[in-house]
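Here the structure comes first, spelled out in structure tokens, and everything after it is commentary.
The values are calculated or read from the model by the stated rules, or taken from the named source; none is laboratory data. What you see is a predicted model; the values in this text were computed from it and never measured. Counting neighbours? That spans all protein chains shown, and the Cβs are built from the backbone with ideal geometry, glycine included.
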Amino acid sequence: MKVDQSILIRIKQLKKEKDVVILSHYYMPKELQWEESTGGFVDFVGDSLGLSVHASQTQARNILFCGVQFMAETALLVNPTKKVFMPDPTAGCSLASSISGEDVRNLREQYPGVPIMGYINTYAETKAELDICCTSRNAIKIAASLPGSRIIFVPDMYMGQNLQVQVEKELGKHLILWNGSCEVHEQFRAFLPQIKNQEDVEMLFHWEVPGEVTNVMQKGKKGIVGSTGDILKYVSESSSNKFYLASECDLGVALQKENADKEFITPCLKCLHMKLNSLEGLLNALEAIGSDQEEKYGVYLDAELIEKASIPVKRMLAIS
Ligand code: 13P
Ligand code: SF4
């Protein structure tokens, strides 16, 4: 791992001194996925569900979240007595910014009585209007828990189209969709010819990849369409040794770490929001915690919003 020894020592010292737990998403650059258990400084690397569960259970006074804003907000929603910080609190998400609380209120008016399930990739102001949240890992389970034959699913239309296939087959339910999309996963459309040409390679598609690409699975390709967690599980259980990763490039770090003998092909598409996180930013945030500079790195929501927006997240966690 290319981390200067003096920086590593400083990070560990600050973490201890300031009682900070460091949580990192699988889309972080390699150095920010370096776990304490292997000599690094990150307490937990996970997908958005694993990270929210971890955030809800931590005893540390401060959470330093290496991810994007909606994830750090969620940590605050599930554990509001903690202070939450980010190496760069401006890290956004094209899905989260595609829908507002007002949009959800309008949908509720348009489809009275239809439950609204919202992807965790939404801001707190939007979450406050949802019936329940889901992540990529538990979406089917959450859909199964909802009453009626229709569900409004926001905001990812591509994930919705992929889910629809399973939700219709397994649950006999119909999804009403919003028109948000992930600016990273939708780019795999341009790689469809490359994907079609892969031979003896298993496909790893995140739910957020458009249906016109994941459709290759119906035409004989082997692999999985699912969440980050599903992809990791699938690879560890597969007897194949070559995979095409159609998700964020740095998921390859964990895949390679856990499956050193397997090969991963990918056009290496990066989420530039996630990449606003850096080792330097992490160190600056740690230095700032407890000083008059800490606001620059803090994630803040008012108490009333926390109360409302935490309801759909807690409902999700109770089912997960
Ligand atoms: P996961 O729920 O799979 O961690 O996905 C989060 C995300 O932002 C995918 O683009
Ligand atoms: Fe949002 Fe896509 Fe980045 Fe995930 S990869 S944080 S969905 S923009």
- [ ] Those residues that are within 12 Å of ligand 2 (Cβ to nearest atom) and farther than 17 Å from residue 87 by Cβ, I need them from segment 255-281; list them, please.
- [x] 269
Open item on the list: Given the options 180, 252, name the one that is within 16 Å of ligand 2 (Cβ to nearest atom), in contact with a helix residue (DSSP H, G or I) (Cβ under 6 Å, 6 or more places away or on another chain) and not acidic (Asp, Glu).
Closed with: 180
- [ ] Give the residue that is surrounded by the fewest Cβ atoms within 10 Å (Cβ to Cβ), with candidates limited to residues of segment 243-284 that are more than 21 Å from residue 96 (Cβ to Cβ), of a type in the set (A, V, I, L, M) and away from ligand 1 (no atom under 12 Å from the Cβ).
- [x] 260
Task: Test: residue in segment 54-62 that is of a type outside the set (Ser, Thr, Tyr), surrounded by 23 or more Cβ atoms within 10 Å (Cβ to Cβ), on the phi < 0 side of the Ramachandran plot and modelled with pLDDT of 95 or more - done: yes
Open item on the list: Please go through (1) in contact with a helix residue (DSSP H, G or I) (Cβ under 8 Å, 6 or more places away or on another chain); (2) outside any helix (DSSP H, G or I) for residue 236 and return the number of the only condition it doesn't satisfy.
Closed with: (2)
- [ ] Might you let me know whether segment 99-115 holds any residue that is surrounded by 24 or more Cβ atoms within 10 Å (Cβ to Cβ), under 24 Å from residue 58 (Cα atoms), of a type outside the set (Lys, Arg) and touching a residue at least 12 places away in the same chain (Cβ under 8 Å)?
- [x] no
Open item on the list: Condition first: charged (D, E, K, R) and under 14 Å from the mean Cα position of the chain (by Cα). Now tell me which residues in segment 26-57 satisfy that.
Closed with: 47
Task: Pick from segment 196-206, criterion within 17 Å of residue 241 (Cα to Cα) and in contact (Cβ under 8 Å) with a residue 24 or more places away in the chain, ranking: surrounded by the most Cβ atoms within 10 Å (Cβ to Cβ) - done: 204
Task: Where residue 183 falls short, out of the listed (1) surrounded by 24 or more Cβ atoms within 10 Å (Cβ to Cβ); (2) assigned to a loop (DSSP other than H, G, I, E, B) - done: (1)
Open item on the list: When the residues of segment 73-103 are narrowed to those that are within 13 Å of ligand 1 (Cβ to nearest atom) and assigned to a loop (DSSP other than H, G, I, E, B), which ends up nearest to residue 274 (Cα to Cα)?
Closed with: 91
- [ ] Select from segment 130-150 the residues that are touching a strand residue (DSSP E or B) at 6+ places or on another chain (Cβ under 6 Å) and in a loop (DSSP other than H, G, I, E, B) and list them in ascending order.
- [x] 130, 131
TODO: Show the residue pairs that are 6+ apart or on different chains and have beta-carbon atoms under 8 Å apart, the first residue being within segment 209-231 and over 16 Å from residue 136 (Cβ atoms) and without any contact (Cβ under 8 Å) to a residue 60 or more places away in the chain, the second being assigned to a loop (DSSP other than H, G, I, E, B) and among the β-branched types (Val, Ile, Thr).
DONE: none
Open item on the list: For segment 118-129: of the residues being over 12 Å from residue 301 (Cβ atoms) and outside any strand (DSSP E or B), which is nearest to ligand 2 (Cβ to nearest atom)?
Closed with: 121
Task: Test for residue 161: is it modelled with pLDDT under 95 and either surrounded by fewer than 22 Cβ atoms within 10 Å (Cβ to Cβ) or within 30 Å of residue 318 (Cα to Cα) (or both) - done: no
